[in-house]
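Here, each number is a calculation from the coordinates, and none is a lab measurement. The model shown is predicted, which means the values in this text are computed figures rather than measured ones. Counting neighbours? That spans all protein chains shown, and the Cβs are built from the backbone with ideal geometry, glycine included.
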Amino acid sequence: MIVVGSGAAGLLAAYRAASRGHDVVLVTKADLPESNTRYAQGGVAAVTSPDDSIESHVADTLVAGAGLCDVEAVRLLCTEGPDRVRDLLALGLELDRVDGPGSPLARGREAAHSAHRVLHSHGDSTGLSLEIALIDAVRSVPLEVHEHTFLRDLVVAETELPGSSSTVRALGARTVDELPGSRVEAPAGAVSSASTSSTPTGRRRRCGPTPSCSPRAAPGSSSRTPRTPT
Ligand SMILES: Cc1cc2nc3c(=O)[nH]c(=O)nc-3n(C[C@H](O)[C@H](O)[C@H](O)COP(=O)(O)OP(=O)(O)OC[C@H]3O[C@@H](n4cnc5c(N)ncnc54)[C@H](O)[C@@H]3O)c2cc1C
């Protein structure tokens, strides 16, 4: 399985797949911690208290969206939010609490929210805390990480998929590595590591319990100049 991107979505998908025994290759175009996720400051909105409700969260979100929201997506987000927050806490995300460890989560009331439901981590470092927790989770399972590897194309085929209305299936990927001379062309059918593991000079690492995948120890994060893929 190829996972593209190392923000919250990619890291969690990679962690979950690898922890269920799948063979996972995570490719990301910059250093592992680089993502929008790490810069998010404002917090996570979710219903985590009996004095709040999913319906209220849905209603507030739709009002704030001013008619632009996909109602089903909003409903899914608001309904599953509390469980996902619990998942993230279980993975080690440190959310701010009212009075130290073990006390209730501190809940802010912000913007269009009519209830106190916005959770933060270390004040305005919520995204960074999330990125760190998820990278630690990814480090705890066996999977392969390719940094500075830019997904250029998906290799797709038209095919009937049981139980799906989609007829397009991804069979592999083509990537371009930042380092010279390391372009990878994946043959169709190479669904997972074959598409990227032949990278001769790209930064490839087996991610496991090693500090090298930590955002605190990310190598080269400040000195590299990204090269535009060709
Ligand atoms: C300054 C700022 C503040 C924000 N504040 C909040 C907030 O308060 N609350 C909130 O909920 N949201 C906030 N957001 C939005 C939030 O950060 C994003 O919605 C969320 O992080 C998206 O997560 P993601 O994993 O989908 O994408 P990202 O975190 O953007 O990760 C995408 C990953 O894909 C990689 N990538 C992209 N293209 C390629 C490619 N072709 N090949 C290989 N890799 C690729 C990137 O390098 C990156 O690692 C904020 C965003 C910013 C920038």
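Grab the Cα-Cα distance for LEU76 and SER165, subtract it from 0.36 nm times how many residues apart they are, and report the gain in nm with one decimal. Working shown, then result.
Working: separation 89, 0.36 × 89 = 32.04 nm, distance 2.02 nm.
30.0 nm is the gain from fully extending LEU76 to SER165.
Could you list, bin by bin from short to long, the percent of Cα-Cα pairs of region 19-158 in 10 Å steps?
That works out to 11, 32, 32, 21, 4, 0, in percent per bin.
Arrange the peptides 135-144, 89-98, 6-15 so that the one whose residues have, on average, the most other Cβ atoms within 10 Å appears first. Mind dumping the intermediate values first?
Numbers: 135-144: 19.7, 89-98: 14.9, 6-15: 22.0.
Result, highest mean first: 6-15, 135-144, 89-98.
In region 42-124, what is the volume of the convex hull around the alpha carbon atoms, normalised per residue and reported in Å³? Don't skip to the answer; put the middle values down first.
On the way: hull volume 7.8 nm³, N = 83.
So the per-residue hull volume is 94 Å³.
What is the extension gain from ALA13 to ASP87, computed as 0.36 nm multiplied by their sequence separation minus the C-alpha to C-alpha distance, in nm to one decimal?
On the way: separation 74, 0.36 × 74 = 26.64 nm, distance 1.28 nm.
Answer, rounded to one decimal: 25.4 nm.
Can you give the FRET efficiency to the nearest 0.05 for HIS116 and ARG152, using r as the Cβ-Cβ distance and R₀ = 45 Å?
Numbers: r = 45 Å, r/R0 = 1.00.
In this case the efficiency is close to 0.50.
For SER49 and ARG20 in one chain, what is 0.36 nm times their gap in residues minus the Cα-Cα distance, to one decimal in nm?
Values: separation 29, 0.36 × 29 = 10.44 nm, distance 3.10 nm.
Computed gain between SER49 and ARG20 is 7.3 nm.
Mind ranking 168-177, 48-57 by how tightly packed they are, going by the mean number of other C-beta atoms within 10 angstrom, highest first?
Values: 168-177: 18.8, 48-57: 14.8.
Those peptides, ordered most packed to least, come out 168-177, 48-57.
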